[in-house]
Structure formats: C-alpha cells, structure tokens
Amino acid sequence: MKKTKLSGKFWLALVIFSLIGQVAWVVENMYLNVFIYKMFHADVKSISLMVAASAVAATVTTVFVGALSDKVGKRKLFICAGYILWGVSILCFGLIRMDVLQGLFPHAVSAASVGVTLVIILDCIMTFFGSTANDACFNAWLTDSTDQTNRGAAEGINAMMPLVAILVVFGGFMGLNQDLPQSWTVIFSVIGGSVLVMGILGFFLIEEPQVDNTENTHYFKNLIYGFRPKVIRAHPKFYWTLLAYAVFGVSINIFMPYLILYYEKGLGMTDYVLIFAPAILLAAVFTALYGRVYDRKGFRIAVLPAMGLLIAGYMVLYFTRETVPVFAGTVLMLCGYLAGMAVFGAMLRDHTPKNKAGMFQGQRIIGQVLLPGVIGPAIGAAVLQGAQMIQNSDGTESFLPNERIFMAAAVVAVFVFAALIPLMKSSKK
C-alpha cells in the first residue's frame, strides 16, 4: 500500500498542539501531585483520589463532547476554544496559596486540608476543558487526518510528547524552589498562558479534516454507539486493543503519580532532573523512530519489544538505588512506556470506524485514562501503605515513596501479555 503523504502544516500542528497539550497535562498528571505534596502535605490517599477524580471527569467529558463533535462534523472550534479555557483554568491554580488559606483557617492542618480539596475540585474543572480540547477533539482530529499508511509515524510523534513535555516543564522550571508558593504562581502562569495563546493560534494553524456526519445527526444515539453489543462484536480488534491498553495503563499509573517524589524524596536525588532529562530525550528519539516499526512490520512485531523494555526497566528500578543503574532503568522504562503508547494508539486509530472518531474517543479514554487512573493509583497507594514517614517543618507528616511501586507495576504488566493473545491470533503481522 502506497504511503499517504501528510502536509507540512499537519506535522506542525501535530507537534505544537500535542506538545502544548501534554505540557498542560503535566500539570494534571505530575505537577499537581508535587504541588499538593509540597504546599499542602497531601497524603497518598489524597493523591490517589485526585488522580481518580480527574480520570472520571476526563472520561465523562470525552464521551459527551466526542459524540457532539461527530454530530457537528467539526473539530477545530472545539480544540481551539477548549485550549483557551484550559489555559484560563491552569492560571487559576496560582490563586490557591497556603498563606491565603491560613488567614481563613489559622490551624495549619485545616488550611492544608482545604487547599487539597480546592486543588482537586479545580483539577476536575481543568480536566473538563482539557479533555474537550485534547482527549475528545484533538485525538479525533488526528484519527481523521491520518490513515493506515502513516499512523505509526504520526502516533510515534504524539506518543513521545508526554515525556518531552515533562522535560520542557521540569527543565524550564528547575531553577525555581518548589518549596516556595511564589514559584508555583510562576509555573501556573507560564503554562496556563502558553496553553491559552496556543488556543488562539490554533484558529490559524489547524486544518479542518473532512468528516462525513450525515450518519451522526442523532446525538444521543452517538453517545451510546460505541457501547452497543452489536458494535462491539463488529469491531473486536478495537476493543481487544483497548483492553490490553487499559492493563498497560494500570501498570503505568501505579508508579507515575509518585515517580518524581520517588526520585527526589525516596532516593534523595535533589538533582533528579539531570538524570530524568537525558533519559526522556533518549526515550523520545527512540519512540519517534519506533512508531515506523508499526507502519512497516505491524502490531505483532512492534508490541512485544515495547513490553519487554518496560518490564526490564521496572526490574532495574526495583533492585537498584545508585545513580547510573537508576538512569539505565529509567531509560528502559521510558522507552517501553512511550513505544507501548505509540503502538497501542496507532492500533486503536487503525480500527476506529471511519467518520466516527469522536464517538470512539469515549471508549479510548475509558481504556487509556479512566480504568488506569482509578485502578493504578489505588494499587500504588495500597503498596505504599506503611511507607516511611517524615516530619515537616509545620508539624505535619509526609510519606516517602519506595521501590515497591515498580514491582507492583511489573506484576500488572505481565497480564498485558494475556490480554494480547486474541490480538496475536487475529493480526496477520
């Protein structure tokens, strides 16, 4: 099959919007965990609750807005308006400060508790706008704009952006003292402002794909379309891929909410960015190239090495604490993580029914975000029960993440292979 050539404008929009969107998700997926840990001394249950609540908000939003975008037959307006409001909501995090809360609640523990609650609520609001723009409509736009000859390459770029975004954010703000509230005001202002501006620029950058919505005019039918047994039976590869992706995501979410805290607090690596940054760069380059393996060799050949790298990385991180082996384990883990995302993402797009990409973003988000976001952090929280505690300067306590999160993640990752069996039998390559 001859490869379909994608325009330069498409690649520019993909890189910029994928990167800026993932920079915003760094706030939700990793920075808010660090924020409420450092500013409000959140415990492991609060972090798990925040991740789970956000996952639910993302899923509900994606189901409803994805179906709406199919009915309208447009993606661009939802993406751009969503990015603008997404940026505004991130800016609002800078208003949640301990000094303000202590004026209202003089007792430190009470002020911290209110701070955690406000962050969780605002996180759900931010997730609504972010999922509208990114999860529902940007992902539908990417599916509509590509085909089976180029999705691996496009998904390789898309999949590497979550960790490139971490590199951009943590590298860009590594000079700030994150124990100071004014540093977080700067962080939220810069990231929120960048997302807002990108939403405005999107009106000029994004090319609207042609979507035939003549069969998608009934909104409520669109909402339940992907949940109907008849549809599930008609598209088995999509749903088996989704199941395997969900198990993969659970494994990732066992450790990911605590990863930075593990490096900084558990291992005592105050310069963890100097280890994490080159590991991300290596993994990003690897994934950008690895996406082409899917295009050329297919799912069966591409998925197994990705899972092998992931599990190997887990094992190295579980058994070692020294800088060099931790770096090596991080590289292996990140390569497996990003390559797995690229392969599973491309497979899902290949088996998404044409002109119904918006409807199926809800199913995708259930497997990619909801189940992993609820189950993974809960397993991580259970594994970290009884973890060592440290005393903070204001009399409160914080937990120390430990290496058990990687062993738990490895155990779950093994079950991905069981979920892959039906796909291996049905896929030609």
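Read the figures in this text as sums done on the coordinates, not as results from a lab. Note that the coordinates shown come from a computational prediction; the quantities given were computed from them, not determined experimentally. Note that each Cβ is placed from the backbone with ideal geometry, even for glycine, and that neighbours are counted across all protein chains shown.
Straightening the chain between Leu274 and Lys221 buys 14.0 nm, computed as 0.36 nm per residue apart minus the Cα-Cα spacing. Measuring from a point 7 Å past the Cα of Thr149 along Cα-to-C-beta, which residues in region 11-28 have an amide N at less than 12 Å? So the set is empty, nothing qualifies.
In cubic angstrom, how much convex hull volume per residue do the alpha carbon atoms of region 224-275 span? Mind showing how you got there, number by number?
Numbers: hull volume 5.5 nm³, N = 52.
So the per-residue hull volume is 106 Å³.
One equal scatterer on each Cα of region 270-404, no solvent, Debye formula: the resulting log10 I(q)/I(0) at q = 0.13, 0.18, 0.22 Å⁻¹ is -0.74, -1.16, -1.33.
When the label point is put 7 Å from the Cα of Glu322 along its Cα-to-beta-carbon vector, which residues of region 250-278 have a backbone N closer than 18 Å? Answer for this model: 267-269, 275.
If you plug the beta carbon distance of Lys2 and Val197 into 1/(1 + (r/R0)^6) with R0 = 45 Å, you get a FRET efficiency near 0.75. From least to most packed, judged by other beta carbons within 10 angstrom and beginning with the fewest, Cys80, Cys92 follow the order Cys92, Cys80. Kirkwood hydrodynamic radius computed over region 1-63 comes to 14.3 Å, based on all pairs of distinct alpha carbons. Taking the number of Cβ atoms within 10 Å of each Cβ as an exposure proxy, the fewest-first ranking of Lys76, Lys297, Lys2 is Lys2, Lys297, Lys76.
Which chymotrypsin sites (Phe, Trp or Tyr not before Pro) does region 133-231 hold that lie in a coil by DSSP with at most 14 other beta carbons within 10 Å? Don't jump to the answer; show the numbers that get you there.
Working: sites: Phe138, Trp141, Phe170, Phe173, Trp184, Phe188, Phe203, Phe204, Tyr219, Phe220, Tyr225, Phe227; in loops: Phe173, Phe227.
Passing sites in region 133-231 are Phe227.
Going Cα to Cα from Lys38, which aspartates and glutamates come in below 16 Å? Please leave out same-chain ones fewer than 8 positions away. List returned: Glu28, Asp99, Asp179, Glu264, Asp394, Glu397.
So which trypsin sites (Lys or Arg not before Pro) in region 331-377 pass both tests, a DSSP loop state and at most 11 other Cβ atoms within 10 Å of the Cβ? Walk me through the intermediate numbers first.
Working: sites: Arg349, Lys354, Lys356, Arg364; in loops: Lys354, Lys356.
Those satisfying the criteria are Lys354.
Taking only the C-alpha atoms of region 216-340, Rg followed by Dmax gives 18.6, 58 Å. In summary, the lysines within cross-link reach of Lys45, defined as a Cα separation below 21 angstrom excluding same-chain residues under 8 places away, comprise Lys265. In this structure, the pairs whose alpha-carbon distance is over 23 Å, taken from Lys9/Lys221; Lys3/Lys221; Lys2/Lys297, are Lys9/Lys221; Lys3/Lys221.
Using R₀ = 45 Å, calculate the FRET efficiency as 1/(1 + (r/R₀)^6) where r is the Cβ-Cβ separation of Gln385 and Val72; round to 0.05.
0.45
The angle between the Cα long axis of helix 44-72 and the longest principal axis of the Cα atoms of the chain comes to about 30 degrees, rounded to the nearest 10.
Using 0.36 nm per residue and subtracting the Cα-Cα separation, the extra length available between Phe417 and Val190 on full extension is 77.6 nm. Ranking of Ile379, Ile79 by neighbouring Cβ atoms within 10 Å, starting from the fewest: Ile379, Ile79.
Tally Lys/Arg at +1 and Asp/Glu at -1 over every other residue whose Cβ is under 12 Å from the Cβ of Ala81; what's the total? If you can, show how the numbers build up before the last one.
Details: positive: Lys74, Arg75, Lys76; negative: none.
Computed value for this residue: +3.
Rounded to the nearest 10 degrees, the angle from helix 404-426 to the longest Cα principal axis of the chain is 10 degrees.
Counting only residues at least eight positions apart within a chain, or on another chain, the aspartates and glutamates with an alpha carbon under 14 Å from that of Lys237 are Asp350. From the coordinates of this entry, Rg/Rh (Cα atoms, Kirkwood Rh) is computed, and it appears in (1) 1.05; (2) 0.98; (3) 0.96 under the label (3).
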